[in-house]
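The values are calculated or read from the model by the stated rules, or taken from the named source; none is laboratory data. Note that the coordinates shown come from a computational prediction; the quantities given were computed from them, not determined experimentally. Counting neighbours? That spans all protein chains shown, and the Cβs are built from the backbone with ideal geometry, glycine included.
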Amino acid sequence: MAAGIWRDLQGNWVFLAISLLLTAWLCLGTHPLLAGGMLLLAIGRLLWTRCLVLIGICGGTCLIFALFCQSQQYPKPAPVPTAPTTIKILADSLKVNGDFLTFVAQGQVNGRQVSLAGSYTLKNPQEQQFFKDNTLNLTATIAGALTLPKASTNVGEFDSRQYYWQQQRIRYQLQVSRLLKLTALKQPSLFDRIHQLRRVVEQHVDGLPTPLDVYAKGLVIGKFTGTTAFNEALSTLGIIHLFSLSGLHVYVLLAAIFYLGSKLFIPKSYLEWGLLGLLPFYALLAGSGTGIKRAVGVAILAIVITKSGLNLGRLDKLSLIFSIQLWENPYLMFSLGGVLCYLLAFALIFNRQVSLIGQQVMLTLASLPCVLYFQFEWHLLSLILNLVMIPFFEVIIMPLVFFNALLGQFIPPIVAFSNQLLLLVDQGLQGVAGMSGFNVTFGKPPLVVVVGLSVLSLALMNQRQKSQCKPLLRLYLGLLGLTFVAIHFPLTGQVTFIDVGQGDSILITTPFLRRVYLIDTGGKLTIPKQPWQQGTIQATVNKVTLPFLKQQGIAHIDGVFISHQDADHLGDLADLLRGMPVKQIFYAQGLMQNPQFARKVQDFQKQLKLQPVLAGQTVVTPQLRFNVVHPFKAGLGSNEDSMALHAKIGGHNWLFTGDLGKTQELAISRHFQLQADFVKLGHHGSKTSSHPAFLKKLRPKLALISSGRNNRYGHPDLQTIQTLQALKLPYLDTQTSGMITWKYGLFGYSRWQVFGL
């Protein structure tokens, strides 16, 4: 009977894999109608096989898997518990960034042993050096507090809370205020020793020069720590999967082992038995990433199947390993890494008989929709680079990296040569990635389009005659083109208050032939630190604003208005100018004499048009007209010099006031007869702004406040809130609502949206 079941399932394991995937998507995803529809189609195709064994196994397994998925959902809101006082810190999770230490810890929370995302501010250089040098799991007695990881509060922003739960099952962050006692872990388990060994290997390859150390860590232990610029280059060019994401190096290593074994006359069966013990250990050592698990799992399954005298095709092996990994993590396909890892592997199996160029074309068609959904951009040279880089990576880079990781310390000239070669590769990749003419900011396609394009790409791969491919290819390209047009020529415009924390950044766009304007960029006040305390900090504009713009297909900004000098309004200006082309900057007259503003724009003056303005002037742009109502005289950019703008957008009057105080508000009332349906309150809701007489004269329908959560200034001030209540003026605050968007369009269409927390 078992032989009959095995025979019925051969060639059909992919049905189980697809059924489990769609079950996970239905139970854990945010698009139940689409997931449910796809699952019904899969059930219909399954019933079409008329194989009762297959139908029964898929149906029963999916029912059990659905119950399992319910237990893996993010826990319901509950009071944050007390932090544990004793924790175990995993050595290979330690990361020192200036005076900021992050790590993964294990501790007792509500009577259960759980993993925690820990952080600690280092007190002195000695502490910093200790954690840099440490190779042991540590037991720590601490004082600290548990918090929930930060959820995204803007469209397009990375969601730490979601990532921690879906990929690591971490619910809480542990903020350590004091380390009371720190000792090496006594009686470490096997897994503890693996964590420690990973740390030892990491420190060993850290001794190699950069970027050789980066490649070695990425390939040997699956811990990729490249610079931000290099990461962005690989991501932009679509070749970041070469680093352990794809597990490509596992297959190369196996081929090398069997080749060397044959030359040394070691029987293949001996090598296979050895690999059955070695491969699981290597998967643990390399961090057990999705690609490595897939590659190791398929290799182990192939050996077991061969030794059992059974037969199983490549698609069946991959489907079985995929199904097993879904049981381990049902959120497997909720990240770009997981999607590309298996999507490209399935595509390679479908296209193994196609020429190398045809294979790369098919892989591009399969991966493009998912890349656009997660990253919003695509580089036109990706196809060519994959053709060149994959064999170069396989034949040259990987052997060099592994040789240097193992023996490089004994042959310094080889290390120097290898590092110089990788430096040239890095410079070349970053140079190509920087060729803006080839980088297409597509925007984020709707998920239903992504699914449709993915299905079409699989249908294309399944065709063996060119005549059958042409209609499908036309449909694929047509759907892709229509999506591009819909994203880049939207039917609606918007005014969006981006949640940049304690600061201002307001996006304004127009419908159809879209024009894009930004009022302020946000930013943080940097506190001077000693050299040992300084680390790498990513600007808010890179984490929040640029992903939000690119998600909408925005590739350039027509104009940026800088209200005044404060860091929370213009602090990220230079990062914005580096990250996206800007045509023009408008600023209050006199601000160029402010050193802080001058430094921000000095490297970009040749490519920018800088336009100073004063009250009474009008900035006329296609589809929009901004009236400058403050300042009345040139200044150096203090709060009192803030630029204030009045504009009619979508048939409604808007007033944007920077950090103006009450005195300046009343001055505007004396000089201009203004009415505003919507007003951005000055100075983040401070009591120094929002004079009742000023607001009463404006007669607004809604007030907007941009302030940071738990900010040290107490914004918005209670006095301001009382003023709004007395005027019966409703308000929205980014502190409590996240990103706030007003959309407008044809026939008076108008809608407010808040991202929510």
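I'm checking my understanding of the structure. Among residues of the stretch 175-215 that are of a type in the set (Val, Ile, Thr) and under 30 Å from PRO81 (Cα atoms), which one is surrounded by the most Cβ atoms within 10 Å (Cβ to Cβ)?
We begin by selecting, within the stretch 175-215, every residue of a type in the set (Val, Ile, Thr); these are 176, 183, 194, 200-201, 205, 210, 214.
When the remaining residues are screened for being under 30 Å from PRO81 (Cα atoms), the result is 176, 183.
Values: VAL176: 22, THR183: 10.
My answer is VAL176.
On the given criteria, is GLY29 in contact (Cβ under 8 Å) with a residue 60 or more places away in the chain, closer than 21 Å to VAL455 by Cα and either within 32 Å of the chain's Cα centre (by Cα) or outside the structural domain of TRP13 (by TED's automatic domain parsing) (or both)?
Details: in contact (Cβ under 8 Å) with a residue 60 or more places away in the chain: yes; closer than 21 Å to VAL455 by Cα: yes; either within 32 Å of the chain's Cα centre (by Cα) or outside the structural domain of TRP13 (by TED's automatic domain parsing) (or both): yes.
Considered against the rule, which asks whether it is in contact (Cβ under 8 Å) with a residue 60 or more places away in the chain, closer than 21 Å to VAL455 by Cα and either within 32 Å of the chain's Cα centre (by Cα) or outside the structural domain of TRP13 (by TED's automatic domain parsing) (or both), GLY29 comes out as yes.
Yes/no per residue for (1) without any contact (Cβ under 8 Å) to a residue 24 or more places away in the chain; (2) farther than 28 Å from LEU702 by Cβ; (3) of a type in the set (Phe, Trp, Tyr):
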{"position": "HIS556", "(1), (2), (3)": "no, yes, no"}
{"position": "ARG578", "(1), (2), (3)": "yes, yes, no"}
{"position": "PHE597", "(1), (2), (3)": "no, yes, yes"}
{"position": "GLN611", "(1), (2), (3)": "no, yes, no"}
{"position": "GLY616", "(1), (2), (3)": "yes, no, no"}
{"position": "VAL629", "(1), (2), (3)": "no, no, no"}
Please work out which residue is surrounded by the fewest Cβ atoms within 10 Å (Cβ to Cβ), limiting yourself to the stretch 504-521 and to residues that are outside any strand (DSSP E or B) and at pLDDT 95 or above.
-> ARG515
Among (1) at pLDDT 90 or above; (2) crowded, with 20+ Cβ neighbours inside 10 Å; (3) not small (Gly, Ala, Ser), the one test that THR290 misses = (1)
Given the conditions (1) modelled with pLDDT of 95 or more; (2) surrounded by fewer than 16 Cβ atoms within 10 Å (Cβ to Cβ), and given that GLN673 satisfies all but one, which numbered condition is not satisfied?
-> (1)
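Being in the same structural domain as ASP717 (by TED's automatic domain parsing), of a type outside the set (Val, Ile, Thr) and not in a helix (DSSP H, G or I): is that true of PHE548 here? If you could, list the steps in order and put the result at the bottom.
Working: in the same structural domain as ASP717 (by TED's automatic domain parsing): yes; of a type outside the set (Val, Ile, Thr): yes; not in a helix (DSSP H, G or I): no.
Taking the combined requirement at face value, the residue does not satisfy it.
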List every residue pair whose Cβ atoms sit under 6 Å apart, with the two residues 6 or more apart in sequence or on different chains, where the first one lies in the stretch 35-54 and is in the same structural domain as LEU16 (by TED's automatic domain parsing) and without any contact (Cβ under 8 Å) to a residue 24 or more places away in the chain and the second, anywhere, is in a helix (DSSP H, G or I) and buried (at least 17 other Cβ atoms within 10 Å of the Cβ).
-> ALA35/TRP25; ALA35/LEU26; GLY36/LEU26; LEU39/LEU22; LEU39/LEU26
Matching option when the condition is touching a residue at least 12 places away in the same chain (Cβ under 8 Å) and touching a Cys at 6+ places or on another chain (Cβ under 8 Å), among GLY291, GLY287 = GLY291
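Take LYS95 and decide whether it is within 30 Å of PRO531 (Cα to Cα) and free of Cβ contacts under 8 Å to residues at least 60 places away in the same chain.
Details: within 30 Å of PRO531 (Cα to Cα): yes; free of Cβ contacts under 8 Å to residues at least 60 places away in the same chain: yes.
When the stated conditions are applied, LYS95 passes them.
Would it be correct to say that GLY481 is small (Gly, Ala, Ser) and under 30 Å from GLN623 (Cβ atoms)?
On the way: small (Gly, Ala, Ser): yes; under 30 Å from GLN623 (Cβ atoms): yes.
When the stated conditions are applied, GLY481 passes them.
Would you confirm whether any residue within the stretch 664-673 is over 37 Å from the mean Cα position of the chain (by Cα) and assigned to a loop (DSSP other than H, G, I, E, B)? Before you say what the answer is, go through the steps one by one.
In the first step, residues of the stretch 664-673 are kept if they are over 37 Å from the mean Cα position of the chain (by Cα); the result is 664-673.
Then keep just the ones that are assigned to a loop (DSSP other than H, G, I, E, B); that gives 672-673.
Yes: one or more hits.
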Of the conditions (1) surrounded by 17 or more Cβ atoms within 10 Å (Cβ to Cβ); (2) more than 27 Å from the chain's Cα centre (by Cα); (3) at pLDDT 85 or above; (4) of a type outside the set (D, E, K, R), THR306 clears all except one; give me its number.
-> (1)
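Given GLY408, GLY452, which one is surrounded by 15 or more Cβ atoms within 10 Å (Cβ to Cβ), in contact with a helix residue (DSSP H, G or I) (Cβ under 7 Å, 6 or more places away or on another chain) and closer than 30 Å to LEU21 by Cβ? Can you show your working first?
Numbers: GLY408 fails: closer than 30 Å to LEU21 by Cβ.
Step by step, each of GLY408, GLY452 is checked, and only GLY452 is surrounded by 15 or more Cβ atoms within 10 Å (Cβ to Cβ), in contact with a helix residue (DSSP H, G or I) (Cβ under 7 Å, 6 or more places away or on another chain) and closer than 30 Å to LEU21 by Cβ.
Select, from LEU248, LEU276, LEU253, the only residue that is more than 25 Å from ALA91 (Cα to Cα), at pLDDT 85 or above and either surrounded by fewer than 22 Cβ atoms within 10 Å (Cβ to Cβ) or among the aromatic types (Phe, Trp, Tyr) (or both).
Values: LEU248 fails: at pLDDT 85 or above; LEU253 fails: at pLDDT 85 or above.
Residue meeting the stated conditions: LEU276.
Quick check: anything in the stretch 174-192 in a helix (DSSP H, G or I) and not aromatic (Phe, Trp, Tyr)?
Initially, the stretch 174-192 is screened for residues in a helix (DSSP H, G or I), giving 190-192.
Cutting the leftovers down to not aromatic (Phe, Trp, Tyr) gives us 190, 192.
Yes.
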Going by the structure shown, is GLY434 surrounded by fewer than 18 Cβ atoms within 10 Å (Cβ to Cβ) and closer than 27 Å to GLN551 by Cα?
-> yes
For residues that are part of a loop (DSSP other than H, G, I, E, B) and under 35 Å from the mean Cα position of the chain (by Cα), scanning just the stretch 647-663, find the one that is surrounded by the most Cβ atoms within 10 Å (Cβ to Cβ).
-> GLY658
Has the stretch 531-550 got at least one residue that is touching a Phe, Trp or Tyr at 6+ places or on another chain (Cβ under 6 Å), crowded, with 21+ Cβ neighbours inside 10 Å and of a type outside the set (Gly, Ala, Ser)?
-> no
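Looking at the structure I just gave you, is PHE417 surrounded by fewer than 16 Cβ atoms within 10 Å (Cβ to Cβ) and either under 22 Å from the mean Cα position of the chain (by Cα) or assigned to a helix (DSSP H, G or I) (or both)?
In short, yes.
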Within the stretch 149-160, can one find any residue that is β-branched (Val, Ile, Thr) and in a strand (DSSP E or B)?
-> no
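List the helices (runs of 4 or more DSSP H) that sit entirely inside the stretch 683-753 and contain at least 3 residues that are surrounded by fewer than 19 Cβ atoms within 10 Å (Cβ to Cβ). Break it down into steps so the answer makes sense when it comes.
Working: elements: 692-698, 718-726, 734-737.
The qualifying helices (runs of 4 or more DSSP H) are 692-698, 718-726.
For the stretch 1-117, which strands (runs of 3 or more DSSP E) that fit wholly inside it have 1 or more residues that are in contact with a His (Cβ under 7 Å, 6 or more places away or on another chain) and surrounded by 13 or more Cβ atoms within 10 Å (Cβ to Cβ)?
On the way: elements: 86-89, 95-97, 100-109.
In the stretch 1-117, no matching strands (runs of 3 or more DSSP E) lie anywhere.
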Scan (1) under 28 Å from the mean Cα position of the chain (by Cα); (2) under 17 Å from ALA145 (Cα atoms) for the single condition VAL109 breaks and write down its number.
-> (1)
Conditions (1) more than 30 Å from GLY29 (Cα to Cα); (2) touching a residue at least 40 places away in the same chain (Cβ under 8 Å): number failed by PRO413 | (2)
